[in-house]
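Below is one structure; the comments refer to it alone.
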Amino acid sequence: MMTNLLPRRSAPGSHQGRAQSPRVLLVHPESEAARLRNSSLGHLVAIACGLACLAVFGLWQHPSVVEQKYDTWAQVGAQALAVGLTLLLLELIEAQHPPAAATALLISSGIARPGPPLYGMLIGLVLLIAGAALLAWAGGRADTAAARGEAAHGKAREADE
């Protein structure tokens, strides 16, 4: 069995993968991927796919790719299947949120393995999604208030004329 399949220098998705959900939710709040339903379901599906692939490939107690510094064939298979299944299921349930694929990858690679690493990631996801929803709600209220102010200002101008 070939064990040193793909050498690693750093954690996969250690920077860009985790930064995509906040970017989508906060920079593009009007996009379909930023909807609360899509981001919540997206990450839930990704968590389920990542954990299922760990179990199916017998990697539940296996060291992560970062600890080993390389991927085994089983890890490559689990990662590919977890990401592919996540994207397929999100398409089928019409809840597109591409950053969720990074969640599946982090879990299936063992970086966010079951236990404290997974719990930490879950807490971070909940805080991120709740915070983005709160900001979107507050922004919507501010937009509504601004629109009301502009309408009132316009009526006052019409009354003056």
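The values are calculated or read from the model by the stated rules, or taken from the named source; none is laboratory data. Given the structure is predicted, the values throughout are model-derived calculations rather than measurements. Positions of Cβ are backbone-derived with ideal geometry, glycine not excepted, and every protein chain shown enters the neighbour counts. Heads up: the accessible areas ignore ligands, DNA and RNA and are worked out on the full protein's heavy atoms, side chains in. Shrake-Rupley method; radii C 1.70, N 1.55, O 1.52, S 1.80 Å.
Observations on the structure shown:
- So Leu85, is it open to solvent by 40 Å² or more (accessible area, probe 1.4 Å), closer than 25 Å to Leu128 by Cβ and touching a helix residue (DSSP H, G or I) at 6+ places or on another chain (Cβ under 8 Å): yes
- Among the residues of this structure, Val76 counts as one that is surrounded by fewer than 17 Cβ atoms within 10 Å (Cβ to Cβ) and touching a residue at least 60 places away in the same chain (Cβ under 8 Å).
- The residue that is nearest to His43 (Cα to Cα), counting only those in region 89-121 that are open to solvent by 60 Å² or more (accessible area, probe 1.4 Å) and of a type in the set (A, V, I, L, M, F, W, C), is Leu89.
- Within region 30-60, the set of residues being modelled with pLDDT under 90 and loosely packed, with under 15 Cβ neighbours inside 10 Å comprises Glu30, Ser31, Glu32, Leu36, Arg37.
- Region 28-74, residues that are hydroxyl-bearing (Ser, Thr, Tyr) and more than 16 Å from Pro98 (Cβ to Cβ): Ser64, Tyr70, Thr72
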